[in-house]
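The structure appears right after this line, and notes come after that.
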Amino acid sequence: MPINLDTIRGMPYFSGLDDSALAAVSRYFFEKKAVRGDTLVFEGAPAEVLYFVVAGVVKVFKTSADGKEQILHVIRPGDSFNDVPVLGGINLVSAAAMSAAVLNGIKKKDLEALSKEYPRIALNVINVLSQRVQEMIELVEDLSFRNVSGRVAKILLEHIGTGGGENPRLTQQEIAAMIGTAREMVGRSFRTLEEEGAIKIERNLIVITDKAALRKIAGIIE
Amino acid sequence: MVSNMPVIDTEKCDKCGLCISICKCGILVMGDDGVKAIESEDCSRCTTWCNTCELVCPTGAITCPFEVVLEDGRE
Ligand code: SF4
Ligand code: SF4
């Protein structure tokens, strides 16, 4: 299927290009279809292709030494992934399709050739990269300095109910908004708190199994 | 009773279908005014509460709320 020019126009990499430039760019794009669970990018492998999600959802994740997966970003239609490594070297993270997905890909060498021909693309690339660096720094801050689990613990302690359903219920996105982090980080914190033995998740109930431990994680001094 | 279904705000739902595409228990369907969670014969409720629909939704229209309880506070 040919790649739609309007789709390309909407990609931050190619904004501000005229139609003839867009047509030139479109010749380098190829379409890739994925089924749920397909790994699209392997951490540690050479980065060859920059991908844009056209339909479906892709997760960008890291796997720890003991096989646990941490989702860093959810990529929805219109967003790209693999941006930084494709301009550098190896894939820093893995990516897999969460649903059936359609992607548009462009090879690293083609993107480089296009940037030489159309300096506007090089400028756009710089803008995208600086945004990515910003996002990475926020993530690093969350992971290393902000003690997200501690703040999630505090919120849980503040929302203890009776289980009768009359208490306001909490969603991960509300917790994320309350403590100023990404939704992905809240899920991670739940798992950390569970591993610490402070809580147990039973479907839509968060059971506090060790309140003292949870208070300690929350930094509440007895 | 605590609801067994994800909560959907149809005002916010832009019908992109992403949640339906990732839901493993297949209870989400597109209705005229947005996504709906359906009860079917073999799956009467969202069985896993995996939160993935909430994670992928671009508009925050679908959520999987939790209630927090104390273990020794239960029967
Ligand atoms: S929580 Fe998971 S299983 Fe339940 S409706 Fe959402 S995506 Fe489907
Ligand atoms: S992902 Fe959100 S906006 Fe899209 S269809 Fe589902 S509830 Fe609606």
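The values are calculated or read from the model by the stated rules, or taken from the named source; none is laboratory data. All values reported here derive from a predicted model rather than from experimental measurement. Cβ coordinates were reconstructed from backbone atoms using ideal geometry, including for glycine residues, and neighbour counts include every protein chain displayed.
Inspect all residues belonging to the stretch B:41-57 and state whether any of them is among the charged types (D, E, K, R) and either near ligand 2 (Cβ under 10 Å from one of its atoms) or at pLDDT 90 or above (or both). Yes, the stretch B:41-57 has at least one match. Considering the conditions (1) crowded, with 16+ Cβ neighbours inside 10 Å; (2) of a type outside the set (Ser, Thr, Tyr); (3) over 30 Å from A:ALA213 (Cβ atoms), A:ALA113 is excluded by exactly one of them, (1). Here A:ILE155 fulfils each of the conditions (1) touching a residue at least 40 places away in the same chain (Cβ under 8 Å); (2) more than 8 Å from chain B (Cβ to nearest Cβ) apart from (1).
Can you go through A:VAL148, A:VAL140 and tell me which one is surrounded by fewer than 19 Cβ atoms within 10 Å (Cβ to Cβ) and either away from chain B (no Cβ under 14 Å) or out of contact with any Pro (no Cβ under 6 Å at 6 or more places or on another chain) (or both)? Outline the logic, then answer.
Numbers: A:VAL148 fails: surrounded by fewer than 19 Cβ atoms within 10 Å (Cβ to Cβ).
After ruling out the rest, the residue left standing is A:VAL140.
Hey, any hits in the stretch A:145-161 for a residue that's within 22 Å of A:VAL41 (Cβ to Cβ) and either modelled with pLDDT under 90 or in contact with a strand residue (DSSP E or B) (Cβ under 6 Å, 6 or more places away or on another chain) (or both)?
Here is the first cut: in the stretch A:145-161, the residues within 22 Å of A:VAL41 (Cβ to Cβ) are none.
No, there is no match, as no residue in the stretch A:145-161 is within 22 Å of A:VAL41 (Cβ to Cβ) and either modelled with pLDDT under 90 or in contact with a strand residue (DSSP E or B) (Cβ under 6 Å, 6 or more places away or on another chain) (or both).
Identify, please: which residue in the stretch B:2-31 is modelled with pLDDT of 90 or more and among the charged types (D, E, K, R) and is, among those, farthest from ligand 2 (Cβ to nearest atom)? Here the residue is B:GLU11.
Considering the conditions (1) exposed (fewer than 15 other Cβ atoms within 10 Å of the Cβ); (2) free of Cβ contacts under 8 Å to residues at least 60 places away in the same chain, A:VAL41 is excluded by exactly one of them, (1). A single member of A:ILE220, A:ILE126 is more than 11 Å from chain B (Cβ to nearest Cβ), free of Cβ contacts under 8 Å to residues at least 24 places away in the same chain, farther than 21 Å from A:GLN70 by Cα and out of contact with any His (no Cβ under 6 Å at 6 or more places or on another chain), and it is A:ILE126. Against the test of being touching a Lys or Arg at 6+ places or on another chain (Cβ under 9 Å) and part of a helix (DSSP H, G or I), the options A:ILE220, A:ILE201, A:ILE175 yield a single qualifying residue, A:ILE175. Of the numbered criteria (1) at pLDDT 90 or above; (2) assigned by TED's automatic domain parsing to the domain that holds A:PHE81, the one A:ILE137 fails is (1).
Per the conditions (1) near ligand 2 (Cβ under 8 Å from one of its atoms); (2) at pLDDT below 95, the sole criterion not satisfied by B:PHE66 is (1).
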